[in-house]
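Remarks on the structure that follows.
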Amino acid sequence: MSRATLAVALAVLAVVPAAAQTRRDDPLQAEQRKLQQTQKQLKEERERAAAARARETSLLAELEEIERRLAAKKGEAARLEARIKKAQSDVQMFRGEITRLERQRAGQVNALAGRLRVMYRVHAQGGALPVILSGEDPATRAVAVRHLASLAALDARLIQEYRVTSEKLADRKGREEAQQQELASLHEEAKREQAEVDREVAKRRVILAKVRDERAYHERMVGELTEASHRLEAFIRELQAKQRKLARVPPPKGGIEPPGIGFGALKGRLPWPTEGRIVTGFGAQVHPRFGTRTFRNGVDIEAAVGREVLAVHGGHVIYTGWFKGYGNLIIVDHGNEYYTLYAHIADIEAREGEDVRQGQRIGTVGDTGSLAGPRLYFEVRYQGRPQDPEQWLRQGG
């Protein structure tokens, strides 16, 4: 065998095992490529899910933003309504003045017309000079001159009064027209604001409908409301600690209830914070449709918007403001570790830091932060723990 033939044979023998090894590695490499592709897809899915979560706003936060815009729009609409009423009052005032001035000017025109008729007759008789020179007696001529001067002064005064009245009339008519234009502009602005209010109300209605009708939205909202409840409890604990520090009172030990004095003596005899009926009670709740379980730390009292909210007992207002999940919130410290909470308030009328007496109006019923329309959310807490308000409220409202 020649050297060339031997070399070719060795090369073939070297290639055959390599080809066989490549065929054995193909399935492994394919699986590795599949695994890498799967891992890449999973990573992309995770990134997309993370991006979606980042874009997804909290339902409570979204509702809060809508309600803030809605409150601002309603406030602007109320201010416009006040300006409209003022403009309407001004228009009526100007119209009254215009009517009075027109009557006044009509009287002045009649008076001037009478004087002109007299002057015409005098002129037809040769003027005033013959009257002055008609008598030889100087005293008679002096009287005639004084009389003519008096008539001339009267004529000048009538003319001046007529001019003043005409100027006032023109001014009132101009101002009345300007007020009419402002009134028309205010009506247009109010119409735009009302359209904005309607749009915000529609957005809120869509979210609430989803929470009511779609399980996914309902469960999200339940979770967020539970978190809001925990945040409120933590917030109340912070307030309690501040109150104890201010009063230099140590935390109670063992949860022993103080003797029946003050607030603690009124169990079952507290007046209702507003006129209405309890539609959601205290304690464990099961949703009738979705079966979700929640715990209510207070009660919902269904009442009309604007109905007054009263302090159930004398105390010190330690918080007023917006709290996510509860809307406008008022917290009153009644001493001896007793607190009451009033939420979904429309207008807060109590001031943080002030003392209130039993029965004092502290706000009005609204639907801020409410998922079910106008109502008052009411809590009673002792040492930070929620109590059943129905056991504290006077029977029969």
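When you look at residue 205, is it under 27 Å from residue 293 (Cα atoms), outside the structural domain of residue 284 (by TED's automatic domain parsing) and part of a helix (DSSP H, G or I), yes or no?
Yes: the conditions hold for residue 205.
Tell me, which residue of the stretch 148-177 that is small (Gly, Ala, Ser) and out of contact with any helix residue (DSSP H, G or I) (no Cβ under 9 Å at 6 or more places or on another chain) is farthest from residue 113 (Cα to Cα)?
For the stretch 148-177, the residue satisfying everything is 174.
When only residues in the stretch 297-324 that are assigned to a strand (DSSP E or B) and of a type in the set (Gly, Ala, Ser) count, which is surrounded by the fewest Cβ atoms within 10 Å (Cβ to Cβ)?
Once the filter is applied, the top-ranked residue is 321.
For residue 330, are the conditions met, namely being free of Cβ contacts under 8 Å to residues at least 40 places away in the same chain, under 16 Å from residue 361 (Cβ atoms) and not charged (D, E, K, R)?
yes
Run residue 270 past the list (1) closer than 14 Å to residue 336 by Cβ; (2) at pLDDT 65 or above and report the number of the one that doesn't hold.
Of everything listed in (1) closer than 14 Å to residue 336 by Cβ; (2) at pLDDT 65 or above, residue 270 misses just condition (1).
Does the stretch 363-377 contain at least one residue that is aliphatic (A, V, I, L, M) and more than 27 Å from residue 202 (Cα to Cα)?
No - not one qualifying residue is present in the stretch 363-377.
Results for (1) at pLDDT 85 or above; (2) of a type outside the set (S, T, N, Q); (3) touching a strand residue (DSSP E or B) at 6+ places or on another chain (Cβ under 7 Å), shown as yes or no for each residue.
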{"residue": "136", "(1), (2), (3)": "no, yes, no"}
{"residue": "151", "(1), (2), (3)": "no, yes, no"}
{"residue": "159", "(1), (2), (3)": "yes, yes, no"}
{"residue": "163", "(1), (2), (3)": "yes, yes, no"}
{"residue": "194", "(1), (2), (3)": "yes, no, no"}
{"residue": "211", "(1), (2), (3)": "yes, yes, no"}
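Just to verify a result, which residue in the stretch 263-296, among those that are surrounded by 12 or more Cβ atoms within 10 Å (Cβ to Cβ) and β-branched (Val, Ile, Thr), is farthest from the chain's Cα centre (by Cα)?
Result: 292.
Tally time: how many residues in the stretch 341-375 are of a type in the set (A, V, I, L, M, F, W, C) and closer than 21 Å to residue 282 by Cβ?
Of the residues in the stretch 341-375, 6 are of a type in the set (A, V, I, L, M, F, W, C) and closer than 21 Å to residue 282 by Cβ.
Can you work out which of the residues in the stretch 335-345 that are closer than 14 Å to residue 314 by Cβ and buried (at least 23 other Cβ atoms within 10 Å of the Cβ) is farthest from the chain's Cα centre (by Cα)?
339
Answer with yes or no whether residue 238 is surrounded by 14 or more Cβ atoms within 10 Å (Cβ to Cβ) and at pLDDT 90 or above.
It is false that residue 238 is surrounded by 14 or more Cβ atoms within 10 Å (Cβ to Cβ) and at pLDDT 90 or above.
Collect the residues in the stretch 153-171 that are among the aliphatic types (A, V, I, L, M), touching a residue at least 40 places away in the same chain (Cβ under 8 Å) and within 26 Å of residue 91 (Cβ to Cβ), keeping them in residue-number order.
Listed by number, the list holds a single entry, 169.
For the stretch 346-377, which residues satisfy the criterion of being crowded, with 17+ Cβ neighbours inside 10 Å, hydrophobic (A, V, I, L, M, F, W, C) and within 18 Å of the chain's Cα centre (by Cα)?
Scanning the stretch 346-377 gives 346, 348, 350, 362, 365, 371, 376.
Any residue at all in the stretch 359-370 that is modelled with pLDDT of 95 or more and either under 21 Å from residue 230 (Cβ atoms) or charged (D, E, K, R) (or both)?
There is at least one residue in the stretch 359-370 that is modelled with pLDDT of 95 or more and either under 21 Å from residue 230 (Cβ atoms) or charged (D, E, K, R) (or both).
The values are calculated or read from the model by the stated rules, or taken from the named source; none is laboratory data. What you are looking at is a predicted structure, and each value in this text was computed from that prediction instead of being measured. Note: ideal-geometry Cβ built from the backbone for every residue, glycine included; neighbour counts use all protein chains shown.
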